[in-house]
Amino acid sequence: MSDPWSAALFRETLQLIAEGVTELVGFEVAAVSVVGDDGRLEVIAVAGSEDCRDQLLGHRTPIADIQAEISNSEAWGALRFVPHERMGIDTENLGWIPDIEVSDDPDAWHPLDLLLAPFYGEDGQLRGIMSMDVPTDGKRPRPETRRQLQKYVEQAGRAVIAAHDRARLAEQVRLAETAREVIRRASAENTLEGVFDYVQKALVEGFNARGLWIRTFHDIATPGSDRLFSSQGDQVSLPPALAALGKEAAEKLWALQEVVVVSPEHRPDLLTVEEHADVVGFLKGLGVDSMVFAPLGAGQRCLGNFGLTRTAGQGDWTETEKRAALDIGHDLGRTLLTTQNLERERRLNEELRTLDSYKSQLIATVSHELRNPLTAVAGYLEILADDDGLSERALRSIASMTRGVGRMSSLVDDLLTLSRVADPSIQPRTEPVDLRSVVEDVLDLAGPTCAQKDLTIHFAEPTLPVQALAERDDVDRVVANLVSNAMKYSPSGTEIDLDVFIEDGEAVLRVADHGIGISEADQRDLFREFYRTANPEALREQGTGLGLAIVQRIVERHHGHIEVQSTLGKGTTFTVRLPRVRGGEGAAASPGTAPAEETILPSQRDS
């Protein structure tokens, strides 16, 4: 029993019962034995002579020997009597033999006669026995004596069964707490090394083990490889033959939902005699005597195994411990599966980042290589266009080539910008940026296009500064792209609305048009590189499919986000949210909640 006070009280109770047998029923010796963790009966209470007590107390007898004697006994109610002529136990293993004369009287008590009462639990397993020896009258007990003995037997039986149940319950509670501690610690980790570091102490201490190892099969993070962890801090050198045997055994045990104990005295059915000898020899080389071997898994899949080891002095493995080991195999298996998946995701993310970085470098390199020849071509085209001797046809061809070079140059500029803003190694040089100032600069440049397309832009200027923490050139690119898109896809005579304000602690830019709109299908891919809609009306406008991709990358690298709301044929609204500059500079409220001036950029300025 784990509680010392309860164990002492238990022994004292059984001692009193044994003494009652010797004092009131008429036997010189009475002893009570209880099944221990090692699977043997241990004498824990003895009433009788000092010599008898010294020899019997602590004596251990294999359960199989006692069960063999019970099968040969005569049933006297709860008592079992084994005449000396049926005795099968070797006299050297009896622990104590009374020094009395052998009589020819058939009713006389023989020194090797055995009278005992077995105690069984609800599961039918032997929990202990009470044995009596040397009747004071020298005779085998008569019916009246047996009836008196029955009372003490019943009391002893109840005490033994209750004590065993309490010990088993305490062990279940202890191991359940161990399992909870294991899972609590393991679930907080996201690497296999971290999981093992956290669970090894709880398992070793909770199971009173000497050591622990955990082996995982087909590690997801490193395909085709197994991993082995040892509580001693070093890797256990597992011979290939034993590694293959352990994997095969774990898969069989997971299918059967069982665990096994391996020791010199225990050979599981799944091991041959030769395999058992190899495993025992391996354990001996590690300085241990026994091991509980359990599979790890989740669902139908066996993910590995673990072994808890003990030396001879730490006792045998109980059924409760074996059941707890199987439960931990389930819980730890699920944790390991989650951890392996996290490691795989981490590895894939690293590969994706590497590929993305390579893509950015490739785009930047190609773009730089294209820029120089395009600049040269543009220069020569400009020189040719100034030649008065060229025909109209030649001039039209030069103009067409000039437009093509312009589109290619614009594409190269966009590619260079995309590679820069998508590179995580290049961080923006942030500073307070006044969104009102940026919008006004963009609108100044947009004036001629507005006049040409008969568009009107309404800008609700904030009365207080709206400052974003960002890189000004990036913010300028965002505003310019969104305003350019709004103008490009808005029919003549329509209006575009611009707002900048503070909302939920963020600096917000909103650009709304009443143009052709974007379908729901197109909205899903709107920010993907080189994406162009299938809408014929939109395809009439030239574009590279990079503008919105650049806008999104810029917003994300500034830890902001962009939203789009659009209805086909009615218009589109883009909302950009960026981190705002915090402090005492004041803030403009969202539209409609505070006074604001309005700047109108008409199709033609008043003159």
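The values are calculated or read from the model by the stated rules, or taken from the named source; none is laboratory data. Everything numeric in this text was worked out from a predicted model, so none of it was measured. Glycine also receives a Cβ, built like all others from the backbone with ideal geometry; neighbour counts cover every protein chain displayed. The area values use the complete protein model at the heavy-atom level, side chains included, leaving out ligands, DNA and RNA. Shrake-Rupley method; radii C 1.70, N 1.55, O 1.52, S 1.80 Å.
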Residue check, Cys302 against (1) at positive phi; (2) modelled with pLDDT of 90 or more; (3) in contact with an Asp or Glu (Cβ under 6 Å, 6 or more places away or on another chain), all met but one. Which one?
(1)
Is segment 527-544 home to any residue that is within 40 Å of the chain's Cα centre (by Cα) and modelled with pLDDT of 80 or more?
yes
Starting from residues that are free of Cβ contacts under 8 Å to residues at least 12 places away in the same chain, in a helix (DSSP H, G or I) and open to solvent by 60 Å² or more (accessible area, probe 1.4 Å), keep the ones in segment 378-390 and report whichever is farthest from Gly547 (Cα to Cα).
Ile383
Go through segment 468-498 and give me each residue that's within 14 Å of Leu443 (Cα to Cα), part of a strand (DSSP E or B) and open to solvent by less than 30 Å² (accessible area, probe 1.4 Å).
Ile496, Leu498
Leading residue by the ranking (nearest to Leu286 (Cα to Cα)) among those in segment 309-349 that are at pLDDT 80 or above, of a type in the set (A, V, I, L, M) and open to solvent by less than 50 Å² (accessible area, probe 1.4 Å):
Ala325
Between Gly138, Gly95, Gly157, Gly124, which is over 30 Å from Lys322 (Cα atoms) and modelled with pLDDT under 85?
Gly95
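Looking at Ser263, Ser237, which one is among the hydroxyl-bearing types (Ser, Thr, Tyr) and at pLDDT below 90?
Numbers: Ser263 fails: at pLDDT below 90.
Selected residue: Ser237, the only one of Ser263, Ser237 that is among the hydroxyl-bearing types (Ser, Thr, Tyr) and at pLDDT below 90.
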Can you name the residue in segment 292-308 that is in contact with a strand residue (DSSP E or B) (Cβ under 6 Å, 6 or more places away or on another chain) and open to solvent by 10 Å² or more (accessible area, probe 1.4 Å) and, of all such residues, is nearest to Ala209 (Cα to Cα)?
Phe293
Residue match in segment 441-454 (condition: closer than 21 Å to Val581 by Cα, open to solvent by less than 20 Å² (accessible area, probe 1.4 Å) and not basic (Lys, Arg)):
no
Restricting attention to segment 261-291, the residues that are free of Cβ contacts under 8 Å to residues at least 60 places away in the same chain and part of a strand (DSSP E or B) number exactly 5
Go through segment 443-467 residue by residue and tally those that are in contact (Cβ under 8 Å) with a residue 24 or more places away in the chain, farther than 13 Å from Ala486 by Cα and not acidic (Asp, Glu).
11
Those residues of segment 255-283 which are open to solvent by less than 80 Å² (accessible area, probe 1.4 Å), among the small types (Gly, Ala, Ser) and more than 19 Å from Glu321 (Cα to Cα) amount to Ala277, Gly281
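One line per residue, one yes/no per condition, for (1) open to solvent by 50 Å² or more (accessible area, probe 1.4 Å); (2) in a helix (DSSP H, G or I); (3) closer than 23 Å to Arg60 by Cα:
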| position | (1), (2), (3) |
| --- | --- |
| Ile100 | yes, no, no |
| Phe119 | no, no, yes |
| Glu122 | yes, no, no |
| Ile129 | no, no, yes |
| Asp137 | yes, no, no |
| Lys151 | yes, yes, no |
Can you tell which of Arg393, Arg436 is surrounded by fewer than 13 Cβ atoms within 10 Å (Cβ to Cβ) and charged (D, E, K, R)?
Arg393
So Asp37 clears everything in (1) modelled with pLDDT of 85 or more; (2) of a type outside the set (Ser, Thr, Tyr); (3) part of a loop (DSSP other than H, G, I, E, B) except one condition, right? Which one?
(1)
Going residue by residue through segment 440-451, is there one that turns out to be acidic (Asp, Glu) and assigned to a strand (DSSP E or B)?
no
Among the residues in segment 66-83, are any open to solvent by 70 Å² or more (accessible area, probe 1.4 Å), at pLDDT below 85 and either part of a helix (DSSP H, G or I) or aromatic (Phe, Trp, Tyr) (or both)?
no
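So is Asp54 modelled with pLDDT of 85 or more, at negative phi and surrounded by fewer than 22 Cβ atoms within 10 Å (Cβ to Cβ) or not? Before you say what the answer is, go through the steps one by one.
Values: modelled with pLDDT of 85 or more: yes; at negative phi: yes; surrounded by fewer than 22 Cβ atoms within 10 Å (Cβ to Cβ): yes.
It is true that Asp54 is modelled with pLDDT of 85 or more, at negative phi and surrounded by fewer than 22 Cβ atoms within 10 Å (Cβ to Cβ).
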